[in-house]
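K.L.:
To start, I am sharing the structure in question, which I have written as structure tokens.
The values are calculated or read from the model by the stated rules, or taken from the named source; none is laboratory data. Here the structure is a predicted model, which means the values were calculated and not measured. Using ideal geometry, Cβ is built from the backbone for each residue, glycine included, and neighbour counts are taken over all protein chains shown. Ligands, DNA and RNA are excluded from the accessible area calculation, which covers all protein heavy atoms including side chains. Shrake-Rupley method; radii C 1.70, N 1.55, O 1.52, S 1.80 Å.
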Amino acid sequence: MAGRTPGRTPQTTATGPTASAAGEPAATRLRTRAHRIRRRLRRTGVDYFRGAAPDWLAFALFLAAVPVLVALNVWIPAWVPPTALVLPVLAGSLLLRPATLVLLYAAAAVGLSTESLIHTGERVASDNPQAYVYGVTPGAALVVGAVGVAGLLLAQFRSRVGVPWRGGGTMLFDLRERLRVQSQVPKLPEGWFADMALRPAGGQSFSGDFVVAARTGPGRRMLEVVLADVSGKGMDAGSRALLLSGAFGGLLGSLPAHEFLPAANGYLLRQDWDEGFATAAHLVLDLDTGQYELLSAGHLPGMQRLGGSGRWELRECAEGPLLGIYDGAKFEGVRGRLDRGDVLMLCTDGMVEVPGRDLAEGMDRLMGEADRLVAAGFRGSAGRLIEKVAKDVNDDRAVLLVWRQ
């Protein structure tokens, strides 16, 4: 037959894809179509809330709300005052781009002028103009205009930062969760336990204190933990802590133990921050023998409870300079051993530093409170220590406990 390609069955109306679709049951076709619509709507919604989609739909909704509010104001002015136009103006400042927002403001201004003209006409046409109480007062126009100016400034700020309000809260939540996940101590082998708690200053969500931990070495039989305290507190310190925790997490285990703090010091120096210093304690623990080394960069000494005697000892080494102060700094360490029943505790200065009180007194109080928790076991005790010792301190606080049974 002329026009046919050898070895290929021609797709006619009876054999082509149209025929196969037509041969499907109606319920299957409806489910397929509904699935495609749901997927398209979900993709559009995700793009919109990430700020990647156009804002014409939101603009259309807010624009349609303006004449509705104007009509309601004319119809039932006692329930819908002229200031009700603030609602689409305020919502638009949160959702629309600055250029689109200006168009909405123009529509709101036209709506406000329309209300003023209608109510003025009704007042003039009424039998008792003095008794007519409805209309657009200068105060109402000032309120709508002030909200519009504030909304435009907010929209311009969002546009300049590049983070839409729809994704801003999600981004901050994600940053906080990253700090929390990075602060988790990895699962330890049988007989070893760890507990860590962190409380930001003033009940905020971000802290300048952070922990990074990893199992390193042959067979992942070494535990390396870094407890760091970034200068400052709150959101400012939290943003720097997030950056440093990611960098420190990348360095941990990638370098020999004695090279970690010098590398971290060099990283801080390269940031050239105005408040660019930090303290850190670096613990390197052999999970087979219990031998450990604790290196310090201007950090508080470690505290070890000896299971045999029940006494606490300070594991103090040469403090070493703060991170980010000068290049070529040297950091010394102290060696020790965790036997069965022993506990090693590390903390930041927010746990022991109180104005008017000696630092040694604060550490004695912390160790005394930790000693009282031994009877109940150390699980969950890091958080209880903060509540008992430094609940109301306006500083970032962090405690790390590592013990062996």
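K.L.:
In this structure, does VAL144 turn out to be at pLDDT 90 or above and either open to solvent by less than 80 Å² (accessible area, probe 1.4 Å) or polar (S, T, N, Q) (or both)? First the steps, then the outcome.
P.N.:
On the way: at pLDDT 90 or above: yes; either open to solvent by less than 80 Å² (accessible area, probe 1.4 Å) or polar (S, T, N, Q) (or both): yes.
When the stated conditions are applied, VAL144 passes them.
K.L.:
A follow-up question, please. Tell me yes or no: at least one residue of the range 348-366 is within 19 Å of ALA213 (Cβ to Cβ), out of contact with any Ser or Thr (no Cβ under 9 Å at 6 or more places or on another chain) and not β-branched (Val, Ile, Thr).
P.N.:
Within the range 348-366, the subset within 19 Å of ALA213 (Cβ to Cβ) is 348, 351.
Among the residues that remain, those that are also out of contact with any Ser or Thr (no Cβ under 9 Å at 6 or more places or on another chain) are: 351.
Next, only the ones that are not β-branched (Val, Ile, Thr) stay: 351.
Yes; the residues of the range 348-366 include at least one that is within 19 Å of ALA213 (Cβ to Cβ), out of contact with any Ser or Thr (no Cβ under 9 Å at 6 or more places or on another chain) and not β-branched (Val, Ile, Thr).
K.L.:
If you scan the range 257-285, which residues turn out to be open to solvent by 40 Å² or more (accessible area, probe 1.4 Å) and under 26 Å from TRP403 (Cβ atoms)? Give the steps one after another, and end with the answer.
P.N.:
Filtering the range 257-285 down to residues open to solvent by 40 Å² or more (accessible area, probe 1.4 Å) leaves 258-259, 262, 267, 269-275, 277.
Selection gives HIS258 alone.
K.L.:
Can you give me the ranges of the strands (runs of 3 or more DSSP E) entirely in the range 313-405 with at least 1 residues that are exposed (fewer than 15 other Cβ atoms within 10 Å of the Cβ)? I'd like the intermediate steps shown before the answer.
P.N.:
Details: elements: 333-337, 343-347, 397-404.
Output list reads 333-337.
K.L.:
Here is a further query. Select from the range 151-172 the residues that are open to solvent by less than 60 Å² (accessible area, probe 1.4 Å) and within 20 Å of ALA108 (Cβ to Cβ) and write down the one among them that is modelled with the lowest pLDDT.
P.N.:
Keep residues of the range 151-172 that are open to solvent by less than 60 Å² (accessible area, probe 1.4 Å), which gives 151-152, 155, 158, 162-164, 166-169.
If we keep only those that are within 20 Å of ALA108 (Cβ to Cβ) too, we end up with 151-152, 155, 158.
Values: GLY151: 87, LEU152: 87, ALA155: 81, ARG158: 71.
Only one residue tops the list, namely ARG158.
K.L.:
Filtering the range 214-229 down to residues that are under 10 Å from LEU287 (Cβ atoms) and in a strand (DSSP E or B), which residue is least open to solvent (accessible area, probe 1.4 Å)?
P.N.:
Among those that are under 10 Å from LEU287 (Cβ atoms) and in a strand (DSSP E or B), it is LEU223.
K.L.:
What pairs can you find where one residue is in the range 91-117 and closer than 22 Å to ARG158 by Cβ, the other is open to solvent by 50 Å² or more (accessible area, probe 1.4 Å), and their Cβ atoms are less than 6 Å apart, with a gap of 6+ or different chains?
P.N.:
Final answer for the pair search is SER93/LEU154; LEU94/TRP165; PRO98/GLN156; PRO98/SER159; ALA107/LEU63.
K.L.:
Could you check the range 70-122 and list, in sequence order, the residues that are more than 39 Å from the chain's Cα centre (by Cα), buried (at least 20 other Cβ atoms within 10 Å of the Cβ) and among the polar types (S, T, N, Q)?
P.N.:
Listed by number, the list holds a single entry, ASN73.
K.L.:
Sticking with this one: Out of the range 298-312, which residues are small (Gly, Ala, Ser) and open to solvent by less than 70 Å² (accessible area, probe 1.4 Å)? Step through it out loud before you land on a result.
P.N.:
Keep residues of the range 298-312 that are small (Gly, Ala, Ser), which gives 298, 302, 307-310.
Of everything in the range 298-312, those that are small (Gly, Ala, Ser) and open to solvent by less than 70 Å² (accessible area, probe 1.4 Å) turn out to be GLY298, GLY302, GLY307, SER309, GLY310.
K.L.:
Here's something else I'd like to know. For GLY290, state whether it is surrounded by fewer than 19 Cβ atoms within 10 Å (Cβ to Cβ) and at pLDDT below 90. Walk me through how you get there before you give the answer.
P.N.:
Details: surrounded by fewer than 19 Cβ atoms within 10 Å (Cβ to Cβ): yes; at pLDDT below 90: no.
For GLY290, the condition - surrounded by fewer than 19 Cβ atoms within 10 Å (Cβ to Cβ) and at pLDDT below 90 - is not met.
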